[in-house]
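What follows draws every value from the coordinates through simple rules; no lab data is involved. This is a predicted model, so every value here is computed, not measured. No Cβ is skipped: glycine too gets one built from the backbone with ideal geometry, and neighbour counts run over all protein chains shown.
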Amino acid sequence: MARVTFYPIGNTDCCLIRLDNDKSFVFDNSDMHNPDDLEDKRMPLKEAFDEGIGWPKRNYVDVLAFTHGDDKILQCKLRRALRCLILVGYLCTSVAWAGMIDEVSRSVVFLNQNVPVVEQVNGTRFEVWLKFPDTNAFVPKQTRNSGSGFIVASSNICYLITAKHVATNMTEDSEVVMRGEKMEPLRFRMSSITGQPAIRWFHHKDADISIHPLPTITPEGAVALDRRGMPLEFLEAQTNLPHRDTYVTALGFPFGLGAEGEFIPLSRDSKVSSGILNDGAGLFFLLQDPSVSGYSGGPLVQSGDPRVIATDPTFAGIKVVSGGARCWGFVSGTYADETGGKMTRVTPAFYALELIRQAQRELIIVQAPFPSSEKK
């Protein structure tokens with residue numbers, strides 16, 4: 001028999017549902033009890049909740065849903081019990097597009113995070129600190145990890161795509177910079193967009209590509225994602241390549257340029273110089289020209305000649321098919337050797353589609369009411 005447990009008012013009206021098949025659902029959770037206040041009649045929710053789910057034999061719940069996004073809810077202590085959940089408050093809306101570079105640019109973002117400088121001495125890692133000579137005060141020496149990214153939308157959920165080597169350096173506190181309505185930079189913390197710090201990056205096991213789901217229950221997220229994502233159909237889903245006579249455009253922020261003042265990603269045109277290649281680190285293809293630091297994770301798009309080369313899954317046969325504007329892949333870096341020759345390495349877009357499908361399988365989507373900007 002299914003059982004519903006209601007916890008006392010004062011703990012955000014938390015309730016626990018246990019089904020006959022042992023699946024568990026929790027609606028709202030915030031342990032507001034103050035053990036130092038003898039007059040506080042709210043129960044210690046953590047202890048009661050652990051008993052309700054059968055801790056420690058059972059250390060997770062199947063679904064955790066928040067009905068609203070106020071401060072108390074966001075102080076939830078259930079991160080250790082969360083197994084799979086996405087909450088959707090504001091729905092991600094796709095940008096209207098006709099395949100032009102300036103329209104696609106609205107979905108290109110700059111990723112940035114300052115991290116401590118670390119040096120290794122005799123096998124031991126040390127953080128580097130700087131001392132002011134006048135005050136003897138110390139501050140950590142930092143360096144900036146940055147890259148480019150691209151936002152797509154599927155079933156009203158946005159997803160951020162970038163290179164894996166960029167994503168692995170980004171945390172919940174990383175800064176995501178986007179284009180505003182007046183071309184001004186809009187700056188957000190990753191955690192403020194979703195309001196759900198348990199949501200994680202999905203990294204491809206081989207290829208240099210990662211995705212981060214961007215469901216949101218925060219007003220900041222609603223601003224960030226409004227008409228932001230390109231339709232998922234914009235990504236090339238097969239092992240196809242542009243015709244070699246066609247120019248393709250990489251969009252990104254080399255050295256952070258274009259992310260300050262007027263927010264405009266830089267563009268760099270080139271042509272494909274290879275077929276689909278494999279060097280043991282996933283499939284990729286090359287462009288004739290080298291990349292520049294900061295383009296990593298940015299999209300490679302086509303807005304002109306619709307001709308493409310379509311390669312079958314065995315990479316054996318080639319045929320010509322027609323197609324429109326699309327994203328062919330994401331910049332991975334510069335491919336070079338000791339002779340000085342350099343070309344741009346690109347990760348095919350279908351890898352991003354694989355990760356998005358993985359995220360959709362592993363995460364339970366729960367529709368939450370739209371968040372209010374007013375404090376409860």
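Summing +1 for each Lys or Arg and -1 for each Asp or Glu, what net charge is found among the other residues whose Cβ lies under 13 Å from the Cβ of LEU235?
Values: positive: ARG326, ARG357; negative: GLU233, GLU236, GLU354.
Neighbourhood net charge equals -1.
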Protection-proxy order for peptides 215-221, 297-303, 165-171, 270-276, each taking the mean of Cβ atoms within 10 Å per residue, highest first: 297-303, 215-221, 165-171, 270-276
Filtered trypsin sites (Lys or Arg not before Pro), the stretch 95-144: DSSP coil and at most 16 other beta carbons within 10 Å: LYS141
All aspartates and glutamates inside 13 Å of LYS41 as judged from Cα atoms, apart from same-chain residues fewer than 8 positions distant: ASP31
Estimated dipole of the stretch 191-261 in Debye, rounded to 20 [Cβ of Lys and Arg +1, of Asp and Glu -1, Cα centre]: 140
